[in-house]
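K.L.:
Okay, here's the structure, questions in a sec.
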Amino acid sequence: MVRKTTSKRYSVALVIVMVIYGAFSFVFDRQLFRSLSFSQVFSVGTLQQTWESRRIMQPTQPQETTLATITCDRSHSDYDLCSINGSCILDPKTDTFNLMDPAFATSAPLVEKIRPYPRKAENWTMPRIKELTLSSGPLGLTRACDITHDSPAIVFSAGGYTGSIYHDFMDGFIPLFITANSVYPDRDFILVVVNSKEWWMPKYIDILGAFSKHKTILLDKENASFTHCFPSATVGLVSHGPKIIDPTQIPNSKSLVDFHNLLDKALNTNQFLLKTHKPRLILVSRYGNIGRMLLNEKEIKEMLEDVGFEVITFRPSKTTSVREAYKLIKSSHVMVGVHGAALTHLLFLRPGSMLVQVVPLGLGWASKTCYESPAKVMKLEYIEYRVNVEESSLIEKYNKDDLVLKDPIAFRGMDWNVTKMKVYLKEQDVRLDVNRFRKHMNEAYEKAKLFMDLYG
């Protein structure tokens, strides 16, 4: 009984830790995306989506089916998933999906409500997600179809923490990949998105085009005068955890490698790698008052060049083209950076290339979950550099015998809260020991040189 109780408490504590970490990494990392565009280096291309639905002038007659119904799975801690199994009509005026089945004409309607974002346990996030209503009727109050689609809909939110690339993928595109391959593995579908910001669609249009050949419907921007009809709909996204795609839970056994291949299809079609005579290293730079900055970045860059790398400093911003970033990172052999949202770009690295993660004090658990584990699944070479107490700026604020420095795990304890998280994420910068870090990068150079000689 003691062992089971302890295990249960640990699991609950871990969930709480990841929830708080997600909130704070969004707040502190979103400032990372403000400067440097590579548009002067690369040309930008987009995949033009086409609207493959037809406008009709008369209402369509609903097709009867004995299986038509609305079901919701609310058993998961991170997400709800609802399905409309049967022809349905989306009314943008009321944010409602109505099941079009005469069988419900004389019975009490089924009504479900859902906020389609995979962070349902976070009370400070979910109220900002638009709530959608799924109803079975009555048909007499349902507006007629204006636009009829032959493909089903997948409906999700681009709100919440969207704006940090970490969350754009962890709460958005990776769960979308899981959902599409779980619900419609061999069928085309139409994306319906709520809570999208003005910049979101232009930034990610290429990736959306790889999921569906149809034009994405942005519900908040849609003309409320027109209704949309679908043969069925799935509302919500399935999540397996931070940057996790579990092949055993997907019918076609897709993995994070397959997700990388989808990105490659979307962002690098028929593109040649940028040629280099030295192993190319992308140095991810954090800047601004966001914490976890590399204080001696210039000195580190000079050391990396001395080791033999071609070093490119990468400062992604909200306006940086995803296609441009993909081309740059895919052409590299190593990516180096302090733990933070921008390391999500590891998804753009070629299998066999390398990620070097600098792990600040007290963030070992987060570095493993967020970046080490996904890197290994993607078959990347992985090197971790854990900073010493002397390399952390926290030594200037706390005594060496303080638990903050002496034992971060004990300091966090079971009461992992916002104040404690802030110490390691926000208050801490790093100044690396150049000679100690050089030893790690000498090893990285040898592996990167071999990779370059084999694959370019």
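The values are calculated or read from the model by the stated rules, or taken from the named source; none is laboratory data. Keep in mind that this is a model prediction, so the values were computed, not measured. So basically every Cβ, Gly included, is an ideal-geometry build from the backbone, and we count neighbours across all protein chains shown. Side chains included, ligands, DNA and RNA excluded: accessible areas come from the protein's heavy atoms. Shrake-Rupley method; radii C 1.70, N 1.55, O 1.52, S 1.80 Å.
K.L.:
Checking the cross-link filter: which aspartates and glutamates have an alpha carbon closer than 18 Å to that of Lys113, excluding same-chain neighbours under 8 positions apart?
P.N.:
Asp73, Asp78, Asp80, Asp91, Asp95, Glu122, Glu131, Asp220
K.L.:
Can you list residues from other chains, or at least 5 along the same chain, whose modelled amide H is less than 5 Å from the amide H of Thr148?
P.N.:
Arg54, Ile56, Cys229
K.L.:
With θ set to phi - 60° and the Karplus curve 6.51 cos²θ - 1.76 cosθ + 1.60, what are the ³J(HN,Hα) couplings of the stretch 384-390 in order, to the nearest whole Hz, using x for Gly and Pro?
P.N.:
Running phi through 6.51 cos²θ - 1.76 cosθ + 1.60 with θ = phi - 60° gives 10, 10, 8, 5, 7, 4, 5 Hz.
K.L.:
To continue, here is another question. A 30 angstrom limit on the alpha carbon distance is what I want to check against. Which of Lys93/Lys426; Lys213/Lys330; Lys120/Lys327; Lys215/Lys278; Lys278/Lys298; Lys221/Lys254 exceed it?
P.N.:
From the list (Lys93/Lys426; Lys213/Lys330; Lys120/Lys327; Lys215/Lys278; Lys278/Lys298; Lys221/Lys254), the Cα-Cα distance tops 30 Å for Lys93/Lys426; Lys120/Lys327; Lys215/Lys278; Lys221/Lys254.
K.L.:
Once amide H atoms are built 1.01 Å from N in the peptide plane, which residues 5 or more positions from Ser232, or in another chain, come under 5 Å H to H?
P.N.:
Placed amide hydrogens put Cys88, Ala153 under 5 Å from Ser232.
K.L.:
In whole angstrom, note down how far apart the Cα centers of the stretch 199-231 and the stretch 242-261 are.
P.N.:
24
K.L.:
Then there's this: Please calculate the 1.4 Å probe accessible area of Arg386, with all protein chains present, and give it to the nearest 10 Å².
P.N.:
Here the accessible area works out near 120 Å².
K.L.:
Round to a whole angstrom and tell me the spacing of the C-alpha centers of the stretch 157-189 and the stretch 262-323.
P.N.:
25
K.L.:
Using 1/(1 + (r/R0)^6) with R0 = 41 angstrom and r between the beta carbons of Asp186 and Glu310, what's the FRET efficiency to the nearest 0.05?
P.N.:
The computed FRET efficiency comes out at 0.40.
K.L.:
Here's something else I'd like to know. So what does Arg187 come to for accessible area, using a 1.4 Å probe and Å² rounded to 10?
P.N.:
120
K.L.:
Pull up all non-local amide H partners of Glu122: gap of 5 or more, or a different chain, and H-to-H distance under 5 Å with H placed in the peptide plane.
P.N.:
Result for Glu122 returns nothing.
K.L.:
How large is ³J(HN,Hα), in whole Hz, for each residue of the stretch 363-373 in order, when computed from phi with the Karplus curve 6.51 cos²θ - 1.76 cosθ + 1.60 and θ = phi - 60°, using x for Gly and Pro?
P.N.:
Result, ordered by residue: 10, x, 5, 6, 5, 5, 5, 7, 9, 5, 4 Hz.
K.L.:
Rounded to the nearest 0.05, what FRET efficiency do Asp453 and Thr419 have when you use their Cβ-Cβ distance and R0 = 35 Å?
P.N.:
Approximately 0.10, to the nearest 0.05.
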